[in-house]
Each structure stands twice: as structure tokens, then as C-alpha cells.
1. Would you tally the net charge around residue 58, using a Cβ to Cβ cut-off of less than 12 Å, leaving residue 58 out, and scoring K and R as +1, D and E as -1?
2. Could you list which residues have their amide H under 5 Å from that of residue 456, counting only those 5 or more apart in sequence or on another chain, with H placed in the peptide plane?
3. What distance in nm lies between label points placed 7 Å from Cα along the C-beta direction at residue 215 and residue 405?
4. What's the extension gain from residue 9 to residue 488 if we count 0.36 nm per residue and subtract their Cα-Cα distance?
5. Kindly flag which residue pairs out of 438/557; 438/475; 359/438; 199/350; 475/520 have an alpha-carbon separation exceeding 29 Å in this structure.
6. Using the scaling law 2.2 N^0.38 Å as the reference, what is the normalised Cα Rg of segment 79-122?
7. For the residues 163, 428, what sequence is obtained by ranking on other C-beta atoms within 10 Å, fewest first?
8. Over 10 Å intervals from 0, what percent of Cα-Cα pairs in segment 57-110 sits in each interval?
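Computed from the coordinates by the stated procedures, all read-outs in this text should not be read as laboratory data. From a predicted model like this one, the values you see are computed outputs, not experimental measurements. Don't worry about glycine lacking a Cβ; one is built from the backbone with ideal geometry, like all the others, and counts go over all protein chains shown.
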Amino acid sequence: MSYLTPQHEQLAHQQQSSFMQWFGQLPFDRKIAAIGVSITIGVTCAAASWTLEASDRIYFCIRTPQQGLRCADNHNRPYRMTLWHWQQWQKDGMPTVVVPNRSISPKGLVKATNPYKPLWAMGAFVGFAAAGWMLRHLQDTERQLANFQTVAEKRGYAQAELKAQSELLDDYRAVAIKQVELQTELELIANDHTVDIQKAEILGETEIKITQIEANDVMFAAETVGMSEEQKQEYINFLKSQKTPYLQGSQTLQGTIDPGDKVEGSGNKEARLEGENTQDEQNSENSDLSTSQPLTPIIPAASSCNNPTLEPLNRILGAKRSTLIVGGTGAGKSVTESYMLTKFSQRFPKADVWAIAQKNDSFCGLDKKGRVLLFDPLEPQLAMAAIDQVYSTYDQRRRVPEHRRHEFEHQPVRLILADWHSIYETVKLEAWFQPYLKKISTIITVGRELNVCLIIDTQSFNLAALGIGDSNIRKNLYIIAQGNYNVEADGTVNDSYGVLYNLITNAKIVEDAVLRSSLKERFSELKPQSKELGQPLIFISVDPMQLDILPDITDYKPGIKPAIQLDTVSPEYLDNLLKLEFDIDLSTTSINSLLNQRTNHPVDENASDDNQAGSDIKLSEIQIKLVDYLKGKGAKTPRQIKQNAGSKFKGISEAQIREELNLFVQKEKVICTGEDSYKLVD
């Protein structure tokens, strides 16, 4: 036995006899035998003490007045007493009527038949006590042994379980190694196929270009058949000095006679940044009249395309975060959403976008791809297939190892929940809808790391009314809110400024009290201007938060088709263009004379090719340094640029760097990837 303290050991030894110490050392079978012997002795002694008489007895009778003897009581039990009591009775004065029962013995005396009866009783007690003592000792020993056996059994079970787990881990490790080896082999095979495909594409493009060059040579030879060398040279100079009369890209008819004019749109015209090709590449393209593209419609840019208000919207496009677009009826949410989808699809051609809507809107062509699911209140579960599809993509991506998640950088997945408040109110009590709410919350909170996000279009910024109970989820959302005032054809007035005002004055949306006060003042200042211009107010929660009048982006409104811009062109001017196309015998002077007719933009014969093609983009010294630094690098923040290239940007603050990068963003030379991070356009 293990003792806790010396005192515990001393007390234990004091309470244990030498006999029990001897008994405790015996094996189990001998202990059972000793207990059996003790019980046998106890039973034998008890039986011996139970029978016969232990003392001498005197049987007597009482003489009756009739001189008869009565030797028993009414129950026929004989009168008797011990010899000692008989003698004492005689000493105290025994009545004369009491006489010994001489029918039993002459003096009525009967000797004791078991004089050692007390000793037998004591032997029985000792036998039973010893048996009980030994049995109690044996029981205590067995109890201790049972505890140890229980511990030993548990240890055996634990060892067996650990051994089984070890075997399972070995099997799992072997399977994992095989999977990695198989994945590696598949990736190598895929890389080999990719290289082969790229080689084939390069060879194909090369053959196409060679064929085009040969065809151009043949067509040029056919066009110059019968010309002398001087005529050929004059024709070549004419082609170099002229724009093609066909509209290409952002060209207008006015631009064909004034190459320096790169203006599009009506009303207030703004210069459009070209700079994508060098002047030599432009001249090379213009020299091939036979392969000019047909007349192309021009989508007019917003009248405020370089307005700082659009810069945060463009930043949101590249950010990996879900967006909440809030506004009342007629606030212009659809136009803003269409603008964002158009820019988003241009920036990410491989994007996977789905939509759930109450109305059969086009969503910039998603309906033709079968990506728009109409919500039917009678069969609401059908539209939820879009959530299942996007969540399935999220589930696949979250299982991809972390070192491979960069592959999703240019493969964004977006789910548009249009008019979500009304959809949620229809199905919020349905039991089958609850898992979809969990999927939506998961995509909002975790999906951003996998480039899987939501665009929620609603009339309420109360997340509880949208089925997203935790208000802290707002921190994972970009919020765009709009307010506007317009009168419909039937006279209905739509005033949606109230939703916008409630949002910017909500402490959970704008936590800084000073900023809320500033936004309230700016709201009061801009609201009259917004009504007068008929353009909505827009609030964007991208840091820094701002409230401005949204530029005119109605050209992106669904259902509006761009028109071809012909500026001020007369029939005579079009006739002159036809002469330029087909009458190749005209001299340069005659050509310029025709072009100068009915136009306010004469062509300067002495102007250089560069001036005729339009002025290049002039970069400041800081912009040149930024372009030089960002080449070949990924997305960088102004702070990283300042820290990594401090010597190059000495004396230039982070704010100046950020300002120059935002100018690049407006010129679409740099893209904002979100969270104050910028990347040079490839």
C-alpha cells in the first residue's frame, strides 16, 4: 500500500494486528481456506453450546392441603431450579410443603450434561469473529486490486487506440503522399500542354500576320498597277499624312480631318486619353486602307469621366469585398449598378457573375448567358440555385491550399442580389431558406479571401431587414447609397433623399461624429444642386468616406444604345470623303482643299506626324518615377512605394504619391486593387 505521509503509515500499522499481517501475506486460496476453517469452528462451537444443560438442577413438588403432590404447573412444565438457588432457598427458610421430586431422583437432583457450554459459546464467537475479520480484510484487498485492474484495463484500451490511430495516420500519410505526387504529375502535364498550346498560338498568330502582310503587299501592288515610281511615292506619302475615313475606336468624322482632336460626346467635350499605341504604330495602321474596320458606334463617356466621384467606384470594382447598394425608388441604383458591371466585365473578362432579380433585367448581357434567375414567389426555391452555384465555387476555392489562391486574383466571382429586401420579406419565414442565409453570411465574411463576393441591391440599409442579423457584418461591406429627385411622366414624384440622409446620419454607418456632421452639412449644400441638375447624390463608404453628386453616367443605363457621333457633317463633306477614298489621282493640295470645305478644322500641311496624330500624354516627374517603379511589380500602396524607393521619391509625401496614382486611375493607366493599393495596367 502507498502511504501519503509517515503519520498515515504509523496509524495504519497501529490499526493492523500481527495476525492480519500474517493473513495478508497468504495467497488467495489459503485465505479462503483459513476463512472456511474459522467459520467451521464457529459453527461447531455454536452447536455444542446450544444443546444440553450447563448446570445441576433440583426438581421439586408442592404438597397440597389434601396431602397430594403437585410437581408441574398448569402448562405441565416441571418445577425446577439450580442447585445453588435451592440451597439459598433452604437458607432463607424453605416452606415445609416444598419437597424434592423423588420420582426423578432420591433427592430430586439432576447433574449437568454440558458443563463447558460457556466455553463452547466463546469458541463460536471467536470463530465467527475471526472469519468476519479475515473476510473483511480479503474484501478490502480485492477492492484495491479491482481499482488497479480497472486502471490497467483503461491503459490497455488507450494503448490499443493509440496504436490504431498511429496505423491510420500512416495509411493517411501514404494516401496524402500519393495524392501530392499525382497532383504534381497532373500539373506538370497541364503545364506541358499549356506550353504546347501557347507555342501553337504564337505560330498561328505569326502565320496570320505573315499572310496579312503578304495580302497587303498584293493589294497594294494591285492598287498601284500602272503607276510610275513617282506616282507610287506620292500615293504612299498621301496615305501617311491622312487618317482613314472609317470610324475606328473613339474616332469621329471631325477627327479624320483634325487628328489632334480626340474628342467624343456631345455638349461639353473632353479629351480622351489614347497613348496605347505609338505614333509609328498608328501610321502603320492608317497605311492599310483596305483592311480598315467598318463604321463603329461610339459609346459616349460620362460628362464627368475624370470626376473624383467615380474614382472610389472604380476602386470598389477591383476590391475583394461585398458591396451594398442602397437607395429608394428612382435613386438611380440600376444605372450605377450597370456602370459598375460594365467596368467590371472590361477589367475582368473571366469573371463569373450571377444574379437573382425580381425583374427580367439584362444586367449587361448576363441574361443572354443564362446567369439571371428570376424570383418567382410561387416557386421561390428555383432562383436560389444561383446562391448554390456561387457557394459551390466558394466551397471549391476554400479547399485550395493557401499558396495557390493567387490564381483567383483575376477570376472574381460575384452574385448580384437585386431588390433583395422584397425577396427576403417573401421567404424569410420558410425553413428551407435558413441555410441560404448562412451561405450569404459566409460569403460576405470569408469569401473576400477567395475573391467570391456579393453585390446586394436594396432599398434598406438595415441588415436585419436583409436577413443578415449581425450588424458587425457592415464592416465587411462597402456601402454605396444614392438619393435623387425626379418626376415621372404620369406626374409621380420620387424623392429618395430620405434613405440617403438616414444612412449618413446613422452612427453605426458613420461612427465619427465630426464626419457625420460634415456629411450632413454637405448633404444640405448639394441637395439643391442635385435637384437642379437631375443627377443623384451618392455616398461611398470607401475610405475616405465622401458624399458628392454622381456624374452623368446615364449612357450606361440598361436599354440605352450608343449612337454614332457624326458631329456637324454635311452631305457635301461626305461626298468629299468618298472622293478621297476612290480618286487617287488627286494632288495633295486638292485633297487638303476638299477637306477644308465646310469644316472649321483645316489641315496644316506643314504639321508633323506627331501633331497630326494628337498630342501624347505629358507625364510629370513624379509620374515618370511611379511608372518606372511599378513596371514589373504587383500592387503597391503609397506607403510601400515610399518605403521601398525612398531615395527616388525623396521630398515627396505619401499624399502626393496617392494623388498622382489617382490621376493615373482616372486615365485608366493604373488600376486600384482595393484598400489603397495600385497596380500598373499591363
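1. Values: positive: 57, 80, 102, 107, 111; negative: 56.
Once positives and negatives cancel, what remains is +4.
2. 323, 324, 325, 417
3. 4.8 nm
4. Details: separation 479, 0.36 × 479 = 172.44 nm, distance 10.08 nm.
Between residue 9 and residue 488, full extension yields 162.4 nm more.
5. Details: 438/557 33 Å; 438/475 17 Å; 359/438 25 Å; 199/350 22 Å; 475/520 22 Å.
Over 29 Å apart, Cα to Cα: 438/557.
6. On the way: Rg = 13.4 Å, N = 44, 2.2 N^0.38 = 9.3 Å.
Cα-based Rg divided by the globular estimate yields 1.45.
7. Working: 163 10, 428 13.
Going from least to most buried by this count: 163, 428.
8. 25, 57, 18, 0
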